[in-house]
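The values are calculated or read from the model by the stated rules, or taken from the named source; none is laboratory data. Only a predicted model underlies this, so the values are computations on that prediction, with no experimental measurement involved. Counting neighbours? That spans all protein chains shown, and the Cβs are built from the backbone with ideal geometry, glycine included. Accessible surface areas use protein heavy atoms only, side chains included; no ligands, DNA or RNA. Shrake-Rupley method; radii C 1.70, N 1.55, O 1.52, S 1.80 Å.
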Amino acid sequence: MTVPTTPKASPDPADHEPGPTGLRADLITASVAVLLFATAAVVGVAVNTDGRLFLHWPPLYAWWDPHLGPGTPMALVVAGVTVLHGPSLAQRLSWGRLLGVSVAGSLAWMFSLAMIDGWQRGIAGRLEARHEYLAAVDRTEDVGHFLRTYTDHILLTSPDNWPVHVAGHPPAALLTFSGLDRIGLGGGAWAAMFVLVTAATAAAAVLVTVRTLAGEDLARRAAPFMVLVPAAVWMGVSADAWFAAVAAWAIALLALSATGRTRWPRAAALGSGLLFGLLLYLSYGLVLMGLLGLTVLLAARTWRPLPWLVLGVLAWVAVFTAAGFWWFDGYFLLVERYYQGAARLRPYEYFVWANLATQVVTAGTATVVGLRRAAVALPDTAREGVRSLWRERRPVSGRTALILLVSAAVLIMLLASLSGMGKAETERIWLPFVLWAVPATALLPRGWHRGWLAAQAAVALTVNHLLFTGW
């Protein structure tokens, strides 16, 4: 007679990475990351003696302003609940409910952090500043004339030049808030609510993508970190968070189409193309999201969605071009405008690395540690990818797919920094990119999740209570 035995739990693959392992290596990595950010701050102060950085608290666009606010208690509660119960809820909830809870948690986290600065200063007044989009909404009454003459007002030397953020983006960015105004949702409060709600859905889009490509277990492990990401400090009411949500859903729909995890793969591919096309007219720099899209197609080992995706992109190109706005004219004029302003004096040799140091406080130390684990596993990942894609002719999956995804996000940020078109303010500008590095936290051992979630919360709470951020 055989005696039944309790099966052993399957080992956590995060505990068996090649190379340096364990909590000690992770803590060293986190310490080095914090030191890198501190170095960027110290060097920034030294370089900024003549005000050439145009920053009050380099490398961030922020002011030193220790304070508490009405959002402080709520932020502490959201952080505490997520740290204590997030990992277990992520494992117990049905997938649909987990996505819903992730969106609600993201919204609560972003709203509470913004409310640390108060309703007017932290939320309602943010998008009403003179350099923001709402300052130019009244100039879009005749949309046809607006599009035909848009490039006439980009340069600083042009008559009635656009506010900084309008000039720095294609016309769909301003048209977003003009559209809200036209349907009766005008003003800073409504604009902020729109950004908050749409930005909160980005967490769900990233999780859908991770589940589709890498498996549900890894997506569930990453879920609490997608909620408690320190980037929420800047996502609250920055229009770039709206761009980040559009980008996230473009990638998610592409992943669903490429893997056939939807009943309507062609419709999903077309939807992805429409969102990618919209991205082109929301922010010039988001053309780099195409690299993440290519990574999804590579991981799924298919080009089937491409015709429908291209069709969706070309629809926007046709509409805007026919209306009188040529994307390349706008981009090259933006480059000229960019170097008419602060970028002319901001030193490339500082920001080319300080931009990356800034992401320590947007992605958080847990993400940095997860990226270290991804880097250690990268050689094996590359070999597995080659074997799957070319020898066995099958899509990659699991940790291999996850590492490819986060590696693409890191590559995009490296390229963006090297371009010289992001001197400072990348805590806001790179929001669409940095969200895709956060799933690297799924590589952390489960037993350490609460500790690393607490570290993530600590970064966001420290920044928001000690500094007044410009976005």
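Phi angles of the stretch 286-302 translate, via the Karplus equation with coefficients 6.51, -1.76, 1.60 and θ = phi - 60°, into HN-Hα couplings of 6, 4, 5, 5, x, 5, 5, x, 5, 4, 4, 5, 5, 4, 7, 6, 7 Hz per residue; Gly and Pro are given as x. Which angle from 0 to 90°, rounded to the nearest 10, does the C-alpha axis of helix 72-92 make with the longest principal axis of the chain? Roughly 40 degrees, rounded to the nearest 10. Against the longest principal axis of the chain, how steep is helix 449-466, in degrees 0 to 90 to the nearest 10, with axes from Cα atoms? So the helix axis and the longest Cα principal axis differ by about 20 degrees. For the stretch 387-399, the Karplus equation 6.51 cos²θ - 1.76 cosθ + 1.60, evaluated at θ = phi - 60°, returns couplings of 4, 5, 6, 9, 7, 8, 6, 9, x, 7, 8, x, 4 Hz by residue, with Gly and Pro reported as x. Rounded to 0.05, the FRET efficiency of the residue 264 and residue 326 pair, given R0 = 45 Å and the Cβ-Cβ distance, is 0.85. Exposure check, 1.4 Å probe, all protein chains in place: residue 321 carries approximately 60 Å² of accessible surface. Quick check: the angle from helix 306-323's long axis to the longest principal axis of the chain, C-alpha only, nearest 10 degrees? In the chain, helix 306-323 runs at an angle near 10 degrees to the longest axis. Around the amide H of residue 467, modelled in the peptide plane, lie the amide H atoms of 65, all under 5 Å away and 5 or more residues distant in sequence or on another chain. For the stretch 196-241 versus the stretch 273-340, the inter-centroid distance based on Cα atoms is 22 Å. Under the criterion of Cα pairs below 8 Å and six or more residues apart, the relative contact order for the chain equals 24 percent.
Other residues with beta-carbon under 9 Å from the beta-carbon of residue 26 carry, at +1 per Lys or Arg and -1 per Asp or Glu, a net charge of +3.
What does the highest-first list of 50-60, 22-32 look like by mean Cβ count within 10 Å?
Most protected by this proxy first, the peptides run 50-60, 22-32.
Across the stretch 416-422, rounded Karplus estimates of 3J(HN,Hα) from the backbone phi angles (6.51 cos²θ - 1.76 cosθ + 1.60, θ = phi - 60°) give 4, 5, 5, 5, x, 9, x Hz, Gly and Pro being marked x.
Between residue 418 and residue 302, the contour length at 0.36 nm per residue exceeds the alpha carbon distance by 38.7 nm.
Shape analysis of the chain based on the Cα gyration tensor places the equivalent ellipsoid semi-axes at 35, 27, 22 Å, largest first. Amide H to amide H, with H built 1.01 Å from N, residue 57 comes under 5 Å of 62, counting only residues 5 or more places away or on other chains. Averaging Cα coordinates gives a centre for the stretch 95-114 and one for the stretch 360-393; these two points are 27 Å apart.
In this simple spin-label model, placing a label point 7 Å from the Cα along the Cα-to-Cβ direction at both residue 120 and residue 318 gives a separation of 4.9 nm. For the set 211, 266, the ranking by accessible area, highest first and with no ligand, DNA or RNA atoms included, is 266, 211 under a 1.4 Å probe. Full extension of the chain between residue 197 and residue 148 yields a length gain of 14.5 nm, computed as 0.36 nm times the residue separation minus the alpha carbon distance. The label point for residue 353 and the one for residue 446, both projected 7 Å from the Cα toward the Cβ, are 4.0 nm apart.
For the pair residue 462 and residue 380 in one chain, pulling the backbone fully straight at 0.36 nm per residue adds 25.8 nm over the alpha carbon distance. The label point for residue 85 and the one for residue 336, both projected 7 Å from the Cα toward the Cβ, are 5.8 nm apart. Using the Cβ of residue 90 as centre and a radius below 9 Å, the other residues enclosed give a net charge of +3, where K and R count +1 and D and E count -1. Which net charge results for the neighbourhood of residue 435, defined as the other residues with beta-carbon distances under 14 angstrom from its beta-carbon, given Lys and Arg at +1 and Asp and Glu at -1? Net local charge, residue 435 excluded: -1.
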